[in-house]
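I have a structure here, written as structure tokens, and I will follow up with some questions on it.
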Amino acid sequence: AETATQAKVAAGAVAGALGLGMVGVSGDVASMLGLTSLAGVAGYQTVWGVTHALHSPLMAVTNAVSGLTAVGGLELMGGGIMPNNTATGLAAVATAVSAVNIVGGFRVTERMLNMFHREGIDPPNCDKLYALPVGVGVVGGLLAQDPAMAYTAAGIACIGAIAGLASQKTARFGNALGVTGVATGIAATVGTAHASMATIAQMTGTLGVGGLVGYLVAKRMQPVELPQTVAAFHSLVGGAAVLTAFSAVMAAEDINTMLAVSSWAGAAIGGITVTGSLVAFGKLHGIMGSAALKLAGKNQINMGLSGLTLASGALMCINPDLGVPCLLVTSAASGALGWHMAASIGGADMPVVITLLNSYSGLAICAEGFMLDNALMSVVGSLIASSGGILSYIMCVAMNRSLANVILGGAWAAAAGPAMVFEGEAVETNADATAAALSMAKKVIIVPGYGLAAAKAQYPLAILVKKLTDEGVEVRFGIHPVAGRMPGQLNVLLAEAGVPYHQVLEMEEINPDFKNTCVALVIGANDTINSAALEDPNSAIAGMPVLEVWHSKQVIVMKRSLGSGYADVPNPVFFKENTNMLLGDAKRMCETLNTKVNALYE
């Protein structure tokens, strides 16, 4: 089956390329499509090599790189020290918000990578040396007579940035390559703009103000706020794409078909990205309810808004003189579509929404590249789109759900028959018994879930782990791919609390070891350890890969209550003979365990 799928995909790709040639696509457009496709393939191959623990830094890096929407804004800026019309004003705003993304994204990445660094264990940081390639790129870009080769170098550096995140050892170099690529691309754009010194001053001032805002946002961000911060940055990319589309159309003397189609695409995808990201931010930050919005006829609403978006694009191609009004309709309809689709998805599915919006932001940048005939933007956009798409796929596989099911506001598939009834009574335990079990164990596996992040229990937990490790207990962590609110979030939280990354393993790595484990301590996780996924073929989560904690000699589940998880599926692990429930707030309970364990070792 896999071979057949591969053959069909390859045949479809070749047929598609040949078909475009047969309908007259050639010259610069064909060259741009070729570069975009190659970048997408490179991104596809590269992203698969990124370790799960670094998926959060990966998203932060792609967020920063997506700030190359600034290139489009810079190309359209003008008027001297201040913009002289609406088009150049919109371009300046697009450049500023892009700069927020660039500096904020790279700063967030740097902070996360610093959390993974262990003094005395990892090699010392010599990040200042990375100023050399950045400096060479900036100077070379500013002195360039033509931006083509500078853009090529920038694109390669951005691909290398993702490749560098394959491991903790090369991640810092990857981040530096990302900075090099973005800095080179922006410098080449400014250097070849042939603008007056006053306009260049406007460019640098706009980049500086936006960059300062991004730095301050990233500096104030708490690790537990990472998902909503990433979502907010996505909205800026979408906003920049929309603003640039309007600016390009307003500034154009003649709106040809390519400009009409690409500016419409940038506004449409950007509009979805802006509002969808803002909804994701609201749900993750707690200022919106996490429950899915369930309007009557929601699919019809989506179809109607999609139809209106497409119709406005078609009208723009037929009558280019209506460019700005058509873009207004496009932005409004696509924005409403993005808001409704994101609001119709439950809070627990926000990890997929964030990665998908990451992909959308890449598509918006790609469209902007075609709009401005800028190869760098198309290459980087394709790279980001493939990165976000792969992360979305990984998350969906981890939940045994299709991407369409998630983005259309669905839930787990309906069961083919009645689900099994698991009978039994949950047995509660207390901190004294749990501390005794942990101190007497030889091997312990801790399985954290979103409850750990919500309670901010990683700090006392890290102290507990260090004490047990110092006393000779082998302690490791098992992380499910969808634990937390974005890929790799729990890895970052544990690293920030001081847990060495070699103790944190992925689900596939840790699952075979549960049968040889004395105690499995589950903190704030539910669906990701639900044995019904494997034991009941009629369960709503049947087939979902889970951490098989029940194979341990003893399972202790720490959570607030006996309630079900997001999937609303009863968890038979709670009723197994080797399971005890430790009910209470995760942070306070971990603090209590610290006191009890220390007392036992005195």
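The values are calculated or read from the model by the stated rules, or taken from the named source; none is laboratory data. Note that the structure is predicted; figures quoted are calculated from it, not measured. Here Cβ is always computed from backbone atoms with ideal geometry, including for glycine, and neighbour counts include all displayed protein chains. When the accessible area is computed, the model is the full protein with side chains, heavy atoms only, and any ligands, DNA or RNA have been set aside. Shrake-Rupley method; radii C 1.70, N 1.55, O 1.52, S 1.80 Å.
Which order do the peptides 498-506, 48-56 come out in when sorted by mean C-beta neighbours inside 10 angstrom, highest first?
48-56, 498-506
Based on the Cα atoms of the stretch 150-277, what semi-axes does the equivalent ellipsoid have, where each is the square root of 5 times one gyration tensor eigenvalue, given in whole Å with the largest first?
28, 21, 17
Another question, then. Treating cross-link reach as a plain straight distance, find the aspartates and glutamates whose alpha-carbon is under 20 Å from the alpha-carbon of LYS596, omitting any fewer than eight places away in the same chain.
Result set, ordered by chain and number: GLU428, ASP432, ASP470, GLU471, GLU474, ASP585.
Whole angstrom only: what separates the Cα centroid of the stretch 105-119 from the Cα centroid of the stretch 138-164?
Cα centroid of the stretch 105-119 versus Cα centroid of the stretch 138-164: 24 Å apart.
Can you tell me the dipole magnitude for the stretch 427-472 around its Cα centre, using point charges on the Cβ only (Lys, Arg +1; Asp, Glu -1), in Debye to the nearest 20?
Here the stretch 427-472 has a charge dipole of around 180 debye.
If you don't mind, there's one more thing I want to ask. Rounded to the nearest whole Å², what accessible area per residue is found for the chain with the 1.4 Å probe?
Ligands and nucleic acids excluded, the figure is 41 Å² per residue.
Specify the inter-centroid distance of the stretch 525-602 and the stretch 1-77, based on alpha-carbon positions, in whole Å.
Using only Cα atoms, the two centres lie 41 Å from each other.
If you don't mind, there's one more thing I want to ask. In square nanometres, what is the average projected area of the Cα convex hull of the stretch 540-602?
On the way: hull surface 21.8 nm².
Mean projected area of the Cα convex hull: 5.5 nm².
Rounding to the nearest 20 debye, state how big the charge dipole of the stretch 466-522 is about its Cα centre with +1 on each Lys and Arg Cβ and -1 on each Asp and Glu Cβ.
Magnitude of the dipole: close to 180 debye.
Enter the Cα centre distance for the pair the stretch 197-247 and the stretch 248-290, rounded to the nearest angstrom.
Centre-to-centre (Cα) distance: 15 Å.
Which order do the peptides 298-310, 359-371 take when ranked by the mean count of other beta-carbon atoms within 10 Å per residue, highest first?
359-371, 298-310
Among LEU521, TYR151, GLY313, whose Cα projects farthest towards the positive end of the dipole of the chain, with charges put on the beta-carbon of Lys, Arg (+1) and Asp, Glu (-1)?
LEU521
With every protein chain left in place and a probe of 1.4 Å, what is the accessible surface of TRP339, to the nearest 10 Å²?
So the heavy atoms of TRP339 present about 120 Å² to solvent.
First compute the accessible area of the chain with a 1.4 Å probe, then give the percent of it belonging to carbon and sulfur atoms.
64 percent
Given GLY584, ILE345, MET77, which one lies farthest toward the positive end of the charge dipole of the chain, if we put +1 on the Cβ of every Lys and Arg and -1 on the Cβ of every Asp and Glu?
GLY584
Rounded to whole Å and ordered largest first, report the semi-axes of the equivalent ellipsoid of the stretch 212-255 derived from its Cα gyration tensor (root of 5λ).
Sorted largest first and rounded, they come to 32, 11, 4 Å.
Using all alpha carbons of the chain, what is the percent of pairwise distances in each 10 Å bin, ordered from the shortest bin to the longest?
The percentages, shortest bin first, are 3, 16, 26, 24, 16, 9, 4, 1, 0.
Straight-line reach only, C-alpha to C-alpha below 16 angstrom: list the lysines that LYS456 could link to, leaving out same-chain residues fewer than 8 apart.
Leaving aside lysines fewer than 8 places away in the same chain, those within reach of LYS456 are LYS559, LYS587.
Sticking with this one: How long are the semi-axes of the equivalent ellipsoid of the stretch 218-350, defined as square roots of 5 times the Cα gyration tensor eigenvalues? Whole Å, largest first.
Values: eigenvalues 184, 73, 11 Å².
Gyration-tensor ellipsoid for the stretch 218-350: 30, 19, 8 Å.
Still on this structure, please answer the following. Charges at C-beta only: +1 for Lys and Arg, -1 for Asp and Glu. How large is the resulting dipole of the chain about its Cα centre, in Debye rounded to 20?
Roughly 700 debye, rounded to the nearest 20.
Any idea what diffusion coefficient the stretch 51-114 gets from Stokes-Einstein, in µm²/s, Kirkwood Rh on alpha carbon pairs, 10 °C, 1.306 mPa s?
Taking Rh from Cα pairs, D becomes 126 µm²/s.
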